[in-house]
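The values are calculated or read from the model by the stated rules, or taken from the named source; none is laboratory data. Please read these numbers as outputs of a predicted model, since none were measured by experiment. Counting neighbours? That spans all protein chains shown, and the Cβs are built from the backbone with ideal geometry, glycine included.
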Amino acid sequence: MPDITRIWPQGVQFDTNSGIASDRGYSCEQLAQQYGTPLYVMDTVDVAERANYFVRTVQEAFVNATTHVSFAGKAFLSKEIARIVTEQGMYVDTCTWGEMKIALAAGIPGRKLVLHGNNKTDDEIRLAIENDFDKIVIDEPHEPERIARIAHELGKRARVMVRVTVGVHAGGHEYISTAHEDQKFGISLLPADHSDVSDIQSAQFFDDVAHGPAVHALHSCLELSHDLELVGIHSHIGSQIHDADAFIEAAQRVMVLRRAFYATDGYVVPEIDLGGGYSVAYVEGDASMDIRETMERIAQAIKLDSTRAGLPLPIVSFEPGRWIVAPAGYTLYRVGTVKTVDLGEGKQRVYVSVDGGMSDNIRPALYGAQYTARIVNRQGSHDTISARIVGSHCESGDIVVHDIALPSDVKRGDLLAVPVTGAYGRTMASNYNQLLRPAVVAVDNNGTHVMIRRETVDDLLSLDVSE
Ligand SMILES: Cc1ncc(COP(=O)(O)O)c(C=O)c1O
Ligand SMILES: N[C@@H](CCCC[NH3+])C(=O)O
């Protein structure tokens, strides 16, 4: 079982005398010199172990039910990672043409792939159906007809789920919270004129759900059953969620919908997918989701509901992204300018500039996300200074770590490592200021290799086709 309080990959060790960090025996300085900086490092043994642990934990919690776990490729995707997680029994969840193409290029069969998206193109839907994707997740009321039309043209039957906004408010930041009503994803569980009952087990709540847009969308899928196979109900309530109660509540609401739809249409929806969103620790002392406890509680809630309703247990699915890869990755930066700024009243802050920034990690700027860092090429002095680690972009919000105590002798040329950048770092990276997206290097027990190569200026120039 991975140590969920740890913010470094299991393979990373710090020599207490020299201060030098190594990952599975390879020193970080060696990695930086061989592959350059900034550098994303992914401990792929850690990824496999975390994926394996998640899949096993879900299977053990849901002893009598079939379970599926998909890896949310938006967190991090490469052909190698797609293969590593599928070898551990996972499916891969994609939501764009590019993600689908990478998963398919990795050789993952369509029956192990899921397609999401609030604005899917016809081409994406066609590619999913041609490749027999396990599920296409419907996100809006007109989509059943569009998918059915394309399936009909292809002479195939598309397997579909309906994504429901269950009305549970959770998630680390407004931008990553997805189950409240005022946002773009999914179809509402409740009608606009629903009553105010808070007891989700009440007859009134059941009645509201039975008259809601989600039941209507499920019904549309059944009406198109020549071209669509209705396989499930989907709910994803947000990301970086610490509160297990939110998942239990979401599961219970999905189960009410399953019952309500059985009452209105006599159809037992075979599968429910509860999405991703399980939190990880970003800095020492942060909370991280205890998957075992959460899964056991969800399993209990689902079992109770099915037994009460006299319905068979559904297949239960999950879509973790961050939990699988975030703590398995870290970023190495080389320190450049070190500048002391007077804040008045005798206070100072030291701005430590590194050779990357918001282009390789947008999360601090976008969500105010907190990270930590440490010097990994030597033992710094014991006395510390109050520092802010910043990037190289022309933007004052280009902050890597907002506020951190660093050894007071931090200097140009030091190697700095920022942990927990394995999720939503590389996949949200940009070329702002024409910085080159860093390489991703894999470290395992057999060696190190480039998983995704560093961009070059030739890459940038090749896009600029004007004479
Ligand atoms: C539909 C869906 N599934 C899964 C995920 C993965 O979320 P996380 O990386 O927080 O586990 C997301 C992202 O929030 C998502 O939108
Ligand atoms: N990109 C976000 C999470 C959003 C997940 C996608 N629905 C993050 O870095 O935390």
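Things to note:
- Residue check, residue 281 surrounded by 16 or more Cβ atoms within 10 Å (Cβ to Cβ), in a helix (DSSP H, G or I) and outside the structural domain of residue 421 (by TED's automatic domain parsing): no
- You will find that of 357, 368, 422, the residue that is under 25 Å from the mean Cα position of the chain (by Cα) and over 20 Å from residue 284 (Cβ atoms) is 357 and no other.
- Between 60, 99, 49, the distinction of being among the acidic types (Asp, Glu) and closer than 30 Å to residue 307 by Cβ belongs to 60 only.
- Selection count where residues are modelled with pLDDT of 70 or more and away from ligand 2 (no atom under 13 Å from the Cβ), scope the stretch 171-190: 5
- Top-ranked residue in the stretch 306-354 [being hydrophobic (A, V, I, L, M, F, W, C), under 30 Å from residue 266 (Cα atoms) and more than 16 Å from ligand 2 (Cβ to nearest atom); ranked as nearest to the chain's Cα centre (by Cα)]: 316
- Residues located in the stretch 257-275, provided they are touching a residue at least 60 places away in the same chain (Cβ under 8 Å) and closer than 15 Å to residue 312 by Cα: 257, 271
- Close contacts from the stretch 397-410, counting a first residue that is surrounded by 16 or more Cβ atoms within 10 Å (Cβ to Cβ) and a second that is among the charged types (D, E, K, R) and assigned to a loop (DSSP other than H, G, I, E, B), with Cβ to Cβ under 8 Å and a gap of 6+ residues or different chains, come to 407/383.
- Within the stretch 344-393, the set of residues being of a type in the set (Phe, Trp, Tyr), without any contact (Cβ under 8 Å) to a residue 60 or more places away in the chain and either within 22 Å of residue 6 (Cα to Cα) or within 16 Å of ligand 1 (Cβ to nearest atom) (or both) is empty.
- Whether a residue is over 29 Å from residue 335 (Cβ atoms), out of contact with any Gly (no Cβ under 9 Å at 6 or more places or on another chain) and crowded, with 20+ Cβ neighbours inside 10 Å was assessed, and residue 44 does not pass this test.
- Any hit, the stretch 122-145, residues being acidic (Asp, Glu), under 30 Å from residue 281 (Cβ atoms) and not in a loop (DSSP other than H, G, I, E, B): no
- Checked against the criterion of being within 16 Å of ligand 1 (Cβ to nearest atom) and farther than 23 Å from residue 388 by Cα, the candidates 421, 427 yield just one match: 427.
- Residue check, residue 320 in contact with a strand residue (DSSP E or B) (Cβ under 9 Å, 6 or more places away or on another chain), in contact (Cβ under 8 Å) with a residue 12 or more places away in the chain, within 16 Å of ligand 1 (Cβ to nearest atom) and not in a helix (DSSP H, G or I): yes
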